[in-house]
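Taken together, the values in this text are just the output of simple stated rules run on the coordinates, not laboratory data. It should be emphasised that the depicted structure is a prediction, and the values quoted were computed from it without experimental measurement. Every residue, glycine among them, receives a Cβ derived from its backbone with ideal geometry; neighbour counts consider all protein chains shown.
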Amino acid sequence: MLLYDIEAPPTVLADIIDGVGVLTLNRPAVLNALDLATVRTLMRQLTAWARDPAIRAVLLRGSGERAFCAGGDVRSLYRLQRQGSPDLGRFFDEEYALDCLIHRYPKPTIALMDGVVMGGGMGLAQGCTHRLVTERTRMAMPETAIGIFPDVGGSYFLSRLPPALGAYIGVVGDTLSGVDAVAREEVAAFFG
């Protein structure tokens with residue numbers, strides 16, 4: 001039997017376009033879900049670009065037409081748990097550190113939230129200074145529907161929604177569309 005060494009495609013594509021660093025989550029078969037390698041690649045590239053004077057802003061987006069980021073890669077996390085791997089804890093430690101880095105990033109950050117944006121995808125996007133939604137955006141913290149608390153900064157960004165909406169999403173795990181998100185921003189601005 002002949003075996004071919006097929007190199008896996010990179011989980012994150014990095015490009016620079018007119019001074020904007022573009023990071024594309026490149027796992028479309030799993031809706032660009034985050035695994036430890038993806039988190040580490042994002043952290044390395046964002047850290048390098050934070051110090052690079054040629055980079056004026058950073059854009060985060062997902063590859064494919066279905067998702068920005070569907071959250072953590074549950075299958076890979078399950079495998080790590082079954083193996084008793086310390087990488088399971090490292091994943092969460094490093095994912096939360098990545099979300100914090102984005103939240104405190106010294107340059108403008110833009111999330112193109114096209115398609116599915118759930119769980120860890122919300123963590124990436126909500127730390128950005130600018131968030132763009134489309135007619136295909138579907139945002140949620142679905143982990144709450146199975147009894148897990150909304151992590152990745154969920155208690156921070158959900159508490160800033162108009163009265164009762166954040167609690168509702170945090171408890172029920174309902175999905176918001178791009179239209180819902182724009183309406184939320186208008187309501188929040190009205191209530192100041």
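General observations
- Exposure proxy ranking, count of Cβ atoms within 10 Å, fewest first, for Met122, Met43: Met43, Met122
- Distant-in-sequence amide H partners of Asp35 (H built 1.01 Å from N, under 5 Å): Asp73
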